[in-house]
Amino acid sequence: MAKKKKHKKDSDANLPIIMNYGIDCISVYDPVAMLPYSEPSITEQTRFKKLGKEMKTEFKWLAASITVEFWEENRQIPFGEEMSKLRTRLVRMFAEEYRIQLKEDSELKDYLQTLVINTINKQLKLEKEKQ
């Protein structure tokens, strides 16, 4: 039968090892301390129809501003790949701003398509009135 191993009672095994890499003192047991600070993660993921009235208004404002920007650059209605890029950009910006990740479902796509067309029509009316 094998002998039992004897453990040293005055061992420093539980103490964290501190290393100095010129940045600051970093504990080996805390790898998060080694990472640079990043933004807090997105807190919730939800569908568009479950957003509150205020959040829908903010989303509408953000979508309108992005649509106007796209219209002024390209002078065309976003369709297909351009619309997909616009939608992903909008969802990403909304998530960064309000910490809510929207699921890209059919309701969001339909709402955004309608909103884009209405926004461009309003923009065309404003341009026509200025002339």
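Could you grab me the full set of residues in region 74-131 that are without any contact (Cβ under 8 Å) to a residue 40 or more places away in the chain and touching a Leu at 6+ places or on another chain (Cβ under 7 Å)?
Step one: filter region 74-131 for residues without any contact (Cβ under 8 Å) to a residue 40 or more places away in the chain, giving 74-76, 78-94, 97, 104, 106, 109-110, 113-114, 118, 121-122, 124-131.
78, 87, 90, 91, 93, 94, listed by residue number.
Is one or more of the residues making up region 48-70 at pLDDT below 90 and surrounded by 10 or more Cβ atoms within 10 Å (Cβ to Cβ)? No, there is no match, as no residue in region 48-70 is at pLDDT below 90 and surrounded by 10 or more Cβ atoms within 10 Å (Cβ to Cβ). Per the conditions (1) modelled with pLDDT under 95; (2) within 21 Å of the chain's Cα centre (by Cα), the sole criterion not satisfied by residue 25 is (2).
Condition first: part of a helix (DSSP H, G or I), closer than 15 Å to residue 48 by Cβ and not polar (S, T, N, Q). Now tell me which residues in region 93-131 satisfy that.
Of region 93-131, the ones part of a helix (DSSP H, G or I) are 93-98, 106-130.
Subsequent filtering for residues that are closer than 15 Å to residue 48 by Cβ retains 93-95, 98, 106-116.
Correct list: 93, 94, 95, 98, 107, 108, 109, 110, 111, 112, 115, 116.
Of all the listed residues (60, 85), the sole one being assigned to a helix (DSSP H, G or I) and within 19 Å of residue 118 (Cβ to Cβ) is 60.
The set of residues from region 90-114 being within 26 Å of residue 75 (Cβ to Cβ) and surrounded by 16 or more Cβ atoms within 10 Å (Cβ to Cβ) comprises 90, 91, 94, 108, 111, 112. Among the residues making up region 71-82, those that are surrounded by 12 or more Cβ atoms within 10 Å (Cβ to Cβ) and in a helix (DSSP H, G or I) are 71, 82.
The values are calculated or read from the model by the stated rules, or taken from the named source; none is laboratory data. Everything numeric here is computed off the predicted structure, so don't read it as measured data. With ideal geometry, Cβ positions are generated from the backbone for all residues, glycine too; neighbour counts draw on all protein chains shown.
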